[in-house]
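J.: Right, I'll just put the structure down here and ask away after.
Readers should treat all values here as calculations from the given coordinates under stated rules, not as data from a laboratory. Keep in mind that what you see is a predicted model, and the values were worked out from it rather than measured. A quick note on method: Cβ atoms are made from the backbone with ideal geometry, for glycine too, and the neighbour counts reach across all protein chains shown.
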C-alpha cells in the first residue's frame, strides 16, 4: 500500500487514519446510548425521561411533606416527650424515662422521620420556587438544610438519657442523683438545640414566603402565612422572647391538661402546630 506524503514531507499511513476514524465512530455510538441531549451526536432524550413534575404537583408534594413534618413533631414532642419530662424535677423525669424506654425510642424514630420530611420539603420548595428567584431560593434552601441538620443532631441529646440511666458498669463512678441530673441536662440541651434550629427555619420560611408572594402560580395568601410563620420562629433568636411566646401558647393548652411540662422542651411542637393550617392550605391550593 502506498504511503502518502504529508504537507511537511512526512509519510502518513492511511491505516492510522482508518483506526482513528473507527475510534471516533465508537465514541459517537457510546454517546448516543446515553439518555441525554447531545448536540454533537444528535441523540434525543426519550419523552418519558424528559417529563418533569408540574408546579402544581410539586406544590402538593411540598405541602404533604410539610404536613407530615408537623404531624411528626406534634406527636413525638407534644404527645410523648412532653408527657415524660417534669419541669425542674430531674428525679421524676428519670423515673418516667426508665419506665417508658420504648416510648423514648419511638419518639426518637418519629423525630428522625420528621427531619427527613423537613429536608425533603426544603428540596421540593427550592425546585418549585427556583424560577421566581434562583438566588433567594438557594439561600432559603441552605438555611433550611442547616436547620434540619442542627435539629437532627439535637435529637441525639434526647436519646442520650437512655445510656446515662441504663446502669452500665462504667457509670458506677456517679451516684443516682448525679446520673438523674445529667440525664435532665441532656434533655435541656436537646431543647436548646431545637430552638437554635428554629432560628434557621425562621429565615428559610421568611425567604420562602417572599418567593411565594412573588410567584404567579401560587396564591399570595400562602406567602403571607409563610412570612408570619417565619417571623414567629425568629423570636427564638432571643431565648427569653421565644420562651415568653411558648409560655403564652402553653397557657392556652394547659387549661385542657393537668400535668406540667418543660417550656423549653416543647420548642419544636408549638411552632409546628401553628403552621399546620399553612401546610394544609398549600395542599388545598395546589
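J.: What order do you get for 124, 136 when you list them from fewest to most C-beta neighbours inside 10 Å?
T.: The order, fewest Cβ neighbours first, is 136, 124.
J.: Can I ask one more? Which order results if 224, 86 are arranged by neighbouring Cβ count within 10 Å, fewest first? The partial results should precede the final answer.
T.: Numbers: 224 14, 86 18.
Listed from fewest to most nearby Cβ atoms, that is 224, 86.
J.: What distance in nm separates the simple spin-label points at residue 156 and residue 172, each placed 7 Å from Cα in the Cβ direction?
T.: That separation, rounded to one decimal, is 2.8 nm.
J.: Of 150, 187, how do they rank once you tally other Cβ atoms within 10 Å and put the fewest first?
T.: On the way: 150 19, 187 23.
Ascending number of Cβ neighbours within 10 Å: 150, 187.
J.: Does a label point 7 Å from the Cα of residue 98, set along Cα-to-beta-carbon, have any residues of segment 146-190 with amide nitrogen under 13 Å, and which are they?
T.: In segment 146-190, the label zone of residue 98 (backbone N under 13 Å from the point 7 Å along Cα→Cβ) covers 162-168, 175-181, 183.
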